[in-house]
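Structure, as structure tokens:
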């Protein structure tokens, strides 16, 4: 078993999402002592505070996966200059009930890919604000605003040659961040 289990949360439910492809392509880039695991958020009910006392099995599963991890990578698209509702819903569920947040203290990393020239920069900034409130120390540099363009992904689904060095440097910086905060 790897020393560091990292939960990877994808803020898109779309089957062919660029962000899902990016998240999947991160898995083989993980250092040998890390294991990146995509966690499911598409089966969560809409958050309702009335359910805090009896959270759904899918919510309990998500909270358990986050609690068992030593860090979290968020890979998010940008919807209407912010984070998608499905990601907000997952964040809300795992942060509740008040005082029992699964996110607290988990080192976070934020990435995203979009067809736009600025990638998902605005969504990432909004997400960073949320993560600060959740007490998640978040990797500041390098930032990962990735533009979807030909060659981003190779035929095997991995990161293409033109972007691999950048993405690997981001993964390595995140891993160093997690090691430092878990020391």
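Each residue in region 127-157 was checked for being more than 25 Å from residue 102 (Cα to Cα) and either crowded, with 18+ Cβ neighbours inside 10 Å or in contact (Cβ under 8 Å) with a residue 60 or more places away in the chain (or both), and 6 of them qualify. Restricted to region 29-41, and to residues there that are more than 15 Å from residue 64 (Cα to Cα) and touching a strand residue (DSSP E or B) at 6+ places or on another chain (Cβ under 9 Å), the residue that is surrounded by the fewest Cβ atoms within 10 Å (Cβ to Cβ) is 33. Just a yes or no: is a residue in region 70-80 without any contact (Cβ under 8 Å) to a residue 40 or more places away in the chain, in contact with a strand residue (DSSP E or B) (Cβ under 8 Å, 6 or more places away or on another chain) and surrounded by fewer than 17 Cβ atoms within 10 Å (Cβ to Cβ)? No: region 70-80 contains no residue that is without any contact (Cβ under 8 Å) to a residue 40 or more places away in the chain, in contact with a strand residue (DSSP E or B) (Cβ under 8 Å, 6 or more places away or on another chain) and surrounded by fewer than 17 Cβ atoms within 10 Å (Cβ to Cβ). Screening the candidates 44, 26, 38 for the property of being in a helix (DSSP H, G or I) and modelled with pLDDT of 95 or more yields one hit, 26.
Looking at 90, 102, which is the one that is in a loop (DSSP other than H, G, I, E, B), out of contact with any strand residue (DSSP E or B) (no Cβ under 6 Å at 6 or more places or on another chain), in contact (Cβ under 8 Å) with a residue 12 or more places away in the chain and crowded, with 19+ Cβ neighbours inside 10 Å? Exactly one residue qualifies, and that residue is 102.
The values are calculated or read from the model by the stated rules, or taken from the named source; none is laboratory data. Because the structure is a prediction, the values reported are computed rather than measured. Neighbour counts run over all protein chains shown; Cβ positions are idealised from the backbone, glycine included.
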